[in-house]
């Protein structure tokens, strides 16, 4: 086994290209319920994307001159990136705080985060009117350094690279590239530190995007603290996603996960619930402070005010209490319920800032067209397909190959 | 040197004054880097609502000719094929006409929002758009407090459309098409500073005709277009609650924190990483 062709060692002497070709083929059953639902939507979405580039953004979206950003920004990008926040929180816990307990779920979380960024940045391209100029702020055909979006664009690019580096040891293990793996693992800690710094700034940056829309966002959701709110909520948004995604992965990819990690899963979820509860407490407290300082008591009775109360009490306070209680009673099912409510709350919050509360006073409100919804779903399904493809091939949930732990 | 409270404030005051005076000297006329924005003063008491400016604007920018409308029509808005509209408002003083277009802010939100510098505040004052740089993200539209930039939603190669104060004409020494052609002298093109002086003179001389407010003098940190009106501006559909300071200032705090975060956070993370390294030995040896 220890010959000089390290790339081929784990594939029993096959050439790398033949190996890649065989790996590209689908594995497992094809006619699963998930495939039957997702394939038509993906094809339909592709058709709609063709129409969008042929006839313009207005041909399939309900966007107007007053509401230039809709579902594709408000949900795909702003909400999607919040859910991808689990990657920076977990790498912080495992690599910076050295909480070894969570090591077994780092890879799948980083993969999730990486794919989320790739696809949501991809969704951003659909929303750009002149996407062929997307490279301009990178190559400097106009460094708009005064723009928050400039910062966010650069951060997306750099963070994708950082996450790819964090994930790359898994790719090297899949290819059996021992030397490459050694070099790439050595870069992990640098990528992690860089990645967390970037995340701090662009999670809040997504909120800062809306700071100049001061007169357009409902006063209950607009404050100069939007960036801080977005950052703090990305912590529990990301971790709730980790709990949710982990619970599904442990069922769907049951066979790949070792006995030991199966047993550890509940302990991990339990630990995460405590962190979520703490972060949500901080978030709720911040929201309360902002609300009191905003002096918007009179707005609470309005329909938007009730909507605000629903978000704060039903989708922040309630899941926070659920997290607290289920942490104390070690009730794993209730933790998962809390995670789902929290995720709904994060979706609600991001949409309230970007879509629902944006131009809430307009006579004609923006409601996304069914075509916008289909394209959004197609993007999500494509991401899940890629996710599944990677999980089934690379040592993400499964243990790394034996040679990783072998002494040199 | 010890610094007590009073001394601190004194120092702060002196520093502030120096900065303020320093700033003034940059903008003072004898300085080399004189920035003197041009603008247009619109006087709603003089406008007869002939909509000639709409036709001149369409001709100057190659837009389709505006459709004829009845005198009191619904309030129209500018769009991707129309950079300016003149609307009729029923007010407390009867029918008043009001022209709308991009306000050409002194510190435009759209320019601060643009990540490719496609939106540009020219030294003369007009805010212009460069199609070679723009990626069509529409962040300018989200940020603009006046909703000025318009996007061609039904084009495969969409452009941002808005009033450019006829920048091409200005470069050749002409005045903007609308101001040049207005038969009622409702539009006056000139240096913003002179326009404010003129507006004050008109208000002073006919105090019963005008309300004592020049819209655009302070709104959104000052705009290139200035408005005089016989009625309060909210009756003409203006947002009178706009902040008096510039909109880009709203994101300054966030953007200024970026370098600090980039220096402090990695250092902090590395420190914590080093400090917690010992935990690894105590914890169970899983892998690596």
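Read-outs throughout are calculated quantities, based only on the coordinates presented, and are distinct from any laboratory measurement. Worth saying up front: this structure is predicted, and the values here are computed from it rather than measured. Here Cβ is always computed from backbone atoms with ideal geometry, including for glycine, and neighbour counts include all displayed protein chains.
Worth pointing out:
- For the pair residue B:200 and residue B:243, a Förster radius of 22 Å applied to the C-beta separation gives a FRET efficiency near 0.45, rounded to the nearest 0.05.
- For the residues A:168, A:146, A:273, a GNM of chain A with alpha-carbon springs under 10 Å puts the largest fluctuation on A:146.
- Arranged from fewest to most other beta-carbon atoms within 10 Å of their beta carbon, A:72, A:17, A:389 become A:17, A:389, A:72.
- Between residue B:36 and residue B:264, the modelled label-to-label distance comes to 4.5 nm, taking each label 7 Å out from Cα in the direction of the beta carbon.
- Order of A:55, A:29 under a 10 Å beta carbon neighbour criterion, fewest first: A:29, A:55
- Degrees separating the helix A:33-55 axis from the principal Cα axis of chain A, which is the longest one: 60 degrees
- Using alpha carbons only, the radius of gyration of the protein assembly as shown set against its Kirkwood radius gives Rg/Rh = 1.03.
- Potential extension, residue A:15-residue A:263 segment - 0.36 nm per residue separation minus Cα distance: 85.5 nm
- Averaged over the residues of peptide A:200-208, the number of Cβ atoms from other protein chains lying within 10 Å of each residue's Cβ is 3.
- With R₀ fixed at 35 Å, the C-beta to C-beta distance from residue B:75 to residue B:156 puts the FRET efficiency at about 0.70.
- Pairwise FRET efficiency - residue A:389 versus residue A:297, Cβ, R0 = 45 Å, nearest 0.05: 0.30
- Projecting label points 7 angstrom from Cα along Cα→Cβ for residue A:29 and residue A:141 puts them 5.1 nm apart.
- Peptide A:56-64 has a mean of 4 when you count, residue by residue, the C-beta atoms of other protein chains within 10 Å of its C-beta.
- Residue mean of other protein chain beta carbons inside 10 Å, A:126-136: 6
- With neighbours defined as other Cβ atoms within 10 Å of a residue's Cβ, the residues A:23, B:205 order from fewest to most as B:205, A:23.
- On Cα atoms only, tilt of A:106-127 relative to the major axis of chain A in degrees: 50 degrees
- GNM top mover of A:256, A:203, A:295 - chain A, alpha-carbon springs below 10 Å: A:295
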